[in-house]
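Rule-based calculations on the coordinates, nothing more; no lab input. No experiment lies behind these values; they were computed from the predicted model shown. Please note: Cβ atoms are built from the backbone with ideal geometry, for glycine as well, and neighbour counts cover all protein chains shown.
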Amino acid sequence: MKTLTQNLLLTIALLLTMLITSDANGTLQLADKETVVVKNDIPGENITIHCYSSEDDLGMHTLSYAASFTWNFHMNIGWSTKFYCDLITKHGSGNYGVFDKRLEEQCDDYCLWLI
């Protein structure tokens, strides 16, 4: 009886592991892919953006009018993924949270930011 219980527990643990599998980046494979788009909506002006999370630096990008920068990712296992962007325009600069769990609920897997 003890062996049957151990086998049952092992089988359940194995099934749970298969259901909630993470890749090398620790992303939850059952989670939907998230998309964030930052688009320059200022006619005749370039903007510079630098977007990043605690795990990924997406680099600096200069966007001309109507150009956009897009990235995709999966939420981490703890659902705590956050992305920020530093934005620089000729009118000023700032740091903005462009993705977190609260915004994901509002964006429904696709967050579009018009700057």
In whole Hz, the Karplus estimates of ³J(HN,Hα) for the range 93-110 (6.51, -1.76, 1.60; θ = phi - 60°; x where Gly or Pro) are 9, x, 10, 10, x, 9, 7, 7, 4, 5, 5, 4, 5, 7, 7, 6, 6, 9
Simple spin-label estimate for HIS50/VAL37, 7 Å along Cα→Cβ, in nm, reads 2.6
Computed ³J(HN,Hα) along the range 79-87: with the Karplus parameters 6.51/-1.76/1.60, θ = phi - 60°, integer Hz and x for glycine or proline, the list is 6, 10, 4, 9, 10, 10, 9, 8, 10
Note, SER93: beta-carbon cut-off 14 Å, +1 each Lys/Arg, -1 each Asp/Glu, net -1
Between ALA66 and GLN106, the FRET efficiency computed from the C-beta separation at R0 = 35 Å comes out, to the nearest 0.05, as 0.90
Between TRP79 and SER93, the two model label points (7 Å from Cα along the beta-carbon direction) sit apart by a distance in nm of 3.5
Full extension between THR5 and ASP57 adds, at 0.36 nm per residue less the Cα distance, a length in nm of 14.0 nm
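May I ask you to give the average projected area over all directions of the convex hull of the Cα atoms of the range 24-114, in nm² rounded to one decimal?
Details: hull surface 23.4 nm².
So the mean shadow area of the Cα hull is 5.8 nm².
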